[in-house]
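The values are calculated or read from the model by the stated rules, or taken from the named source; none is laboratory data. Note that the coordinates shown come from a computational prediction; the quantities given were computed from them, not determined experimentally. We place every Cβ from the backbone using ideal geometry, glycine too, and count neighbours over all the protein chains shown.
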């Protein structure tokens, strides 16, 4: 799997200060695990959580799951030490909270370089402040390390003084601005968390909405949300069968010298074929992950 193409349907935040959670995560079917040093960890547990997160990503015990560490901000007393530790670990990327400016990304980049991180060590920016949303495109272009963006809808709604209903209507413009910035610059983009753990209907609706908007997957706060996110962001069997039929129809038309054809009354062009092939490749990678 390439770093860009691998599935990121489900990205589960795991409190690095909780040994039982870290152990349980070894058997969870999340595509990505984000060992959290920030929101989920009390102040007096930050140092121990950092050591536990590094030990987890270095362990080799999590199969093919993509392993990330979310650090504390550089404006805290823990952020710089977090980044230095992550730079020396086997983490597959670092998630940086509350990215609001290009300079902030530059500061993160510089610290990682001084700490010995590889030139291509991935940085993921959490987009969860009004200033960050307004600067999304500039931030997306700000570093060669930048690999993805995660929308932080909980913090964003707080700063916007807006409601946070299940349909996220007050934040749709902000969410789409991040998607636009990510797509324009070739980055992965993940939807925010759904905090109502007992609201299964609302969670499923949010997953469908995020998929339809163009997100690559959803960040999660509880293992019970993994299956729903994986279903929502995976091609359905009907999608897979249609993609195969579409490719076959185009190949047949091409063999007969026709540039375009139709399938079930729809015009089929090269761009549709490319999207169908991408969908099938994603389905194959999801199948490979499910073997883990």
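Observations, loosely collected:
- Failed item in (1) part of a helix (DSSP H, G or I); (2) at pLDDT below 95, with residue 131 passing the rest: (2)
- For residue 173, the conditions (1) loosely packed, with under 13 Cβ neighbours inside 10 Å; (2) out of contact with any helix residue (DSSP H, G or I) (no Cβ under 9 Å at 6 or more places or on another chain); (3) assigned to a helix (DSSP H, G or I) all hold with the exception of (2).
- Subset tally (residues that are more than 16 Å from residue 7 (Cα to Cα), without any contact (Cβ under 8 Å) to a residue 40 or more places away in the chain and touching a strand residue (DSSP E or B) at 6+ places or on another chain (Cβ under 8 Å)) for the stretch 195-212: 0
- Subset of the stretch 30-75 (residues that are in contact (Cβ under 8 Å) with a residue 60 or more places away in the chain and either crowded, with 16+ Cβ neighbours inside 10 Å or within 29 Å of residue 101 (Cα to Cα) (or both)): 30, 31, 32, 34, 65, 66
Rundown of residues vs (1) more than 30 Å from residue 165 (Cβ to Cβ); (2) more than 20 Å from the chain's Cα centre (by Cα); (3) modelled with pLDDT under 95, yes/no style:
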residue: 190; (1), (2), (3): no, no, no
residue: 207; (1), (2), (3): no, no, no
residue: 219; (1), (2), (3): no, no, no
residue: 225; (1), (2), (3): no, no, no
residue: 229; (1), (2), (3): no, no, no
residue: 259; (1), (2), (3): yes, yes, yes
residue: 276; (1), (2), (3): yes, yes, yes
residue: 281; (1), (2), (3): yes, no, yes
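- Test result for residue 154, without any contact (Cβ under 8 Å) to a residue 60 or more places away in the chain, closer than 20 Å to residue 13 by Cα and in a helix (DSSP H, G or I): yes
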